[in-house]
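Undergrad: Handing you this structure, nothing more for now.
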Amino acid sequence: MRFPAWPGKNKKPLAVWQRPSLFLLAGIGLLLLGMLVGFYLFFPAETLKQRIIQELETRTSVTVQIEQVSLYPLLTFSAKGITLDVKGLSQSLLIESLSIAPQWSTLLSADPGVQVQGELMNGTIDAGVLKNGLISAKAAGLRFDLPIQKPLPFNITGTLSDASIDTATRLDTETKSHLLLRLADVKVLGLELLKAESPGLALGDITLEADGQGRSQKVTLSAKGGDLDVSGDGTLLIGRTAASSRIKLVLLVRPGPNADPSITSLLELSGKADADGRYPLQLTGTLDKPSLKVGG
C-alpha cells in the first residue's frame, strides 16, 4: 500500500525562498539610494549655473547674474539671488528665490508639466507650464517702482496685489487667453506740473482685464480712489514685440472727490465733459509708444 505524500514535503520552506529575494531587493534599494545621494552630493551646480546664464543672455537682451543654484530631492531645481538687467530699464530686477519642480500629477499624461514658484519684489509668483504650451500663473503682493524716461521722466509706484493669467506660449487662432491685474495705491511721482503742492499724482486702485482668442483681446480698465476716476474699454492686438502690439482704448475720465483744482483745470482744457462730468480720451498706438488723444 502506498501512502499519500506528506503535504509540503517537496515544497521549500517560506523562509528559504524569501530570504534571497529580500536580500536582492535590499541591495537594489541601497544601490539606488547610493546613486541618488551621490547625484545630489556631486551635482554640478556651478557648471549648470554658467550654462543657464549663457543660454539666457544668448537668447535675450538681458544680463543675468545668479548667486546660487542647487538640486533638492524629488527633482526640485532651486536658484537664489537672480539679478536681471533689462535693456532700457534703469533698475535691475532681483528675484530672491526661484524653484522649478515637476507637476507630478501630469507626468504620466500626454502633457507633462512643471511648476514654477518664486519670490520677488516682496511678493510671490506661482505658475504651471505644460508641454503643449499652456500657462496658468498667479502673483500677489509685488511692489513696484517703475522709472519712465519718455516723454517726461517720472516714476510709477504701487503694489500688484493680485494677478492671474491663463494663456499659451503660442497664440494660435484657437488659443483662449484671460488676464486679470489688480493694482493698489498706484502713484505717479515726479509730475509736479499736474498738482501744485504735491510731487505725485494718485491713481488709487486700478483693475485691468483682458479676454480674447488668438492675438485679439478685449480690454477693460478702471481706476478708483485717486485723483482721477477712470473707466474704459477697447482692444489689444498682440504682436511679437511691444513695438508691433497695438492698443486702442476709449477712456472716460473725471476728477476724483479730493482731486487738486489744477487737475480739474487740466481736464477742462481737453474738451467738454458729458452729463456725468466725464471727459473722453483715447489711448492708441503701439505698446512701446502709446499716445493719449482728446475725444472719444
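Here, each number is a calculation from the coordinates, and none is a lab measurement. Since the structure is predicted, the reported quantities are computational estimates derived from the model, not experimental observations. Heads up, the Cβs are rebuilt from the backbone with ideal geometry, glycines too, and the neighbour counts pull from every protein chain shown.
Undergrad: Identify all residues within segment 206-236 that are free of Cβ contacts under 8 Å to residues at least 24 places away in the same chain and farther than 26 Å from residue 279 by Cβ; write none if there are none.
TA: 216
Undergrad: Just one of (1) at negative phi; (2) surrounded by fewer than 17 Cβ atoms within 10 Å (Cβ to Cβ) trips up residue 214, so point out which.
TA: Just one mismatch for residue 214, condition (1).
Undergrad: Between 71, 93, which is within 23 Å of residue 141 (Cα to Cα), of a type in the set (A, V, I, L, M, F, W, C) and surrounded by 13 or more Cβ atoms within 10 Å (Cβ to Cβ)?
TA: 93
Undergrad: Would you point out the residue of segment 240-296, among those that are under 17 Å from residue 229 (Cβ atoms) and of a type in the set (D, E, K, R), that is nearest to the chain's Cα centre (by Cα)?
TA: Only one residue tops the list, namely 254.
Undergrad: Please find, among 235, 207, the residue that is over 21 Å from residue 158 (Cβ atoms), surrounded by fewer than 18 Cβ atoms within 10 Å (Cβ to Cβ) and of a type in the set (S, T, N, Q).
TA: The conditions single out 235.
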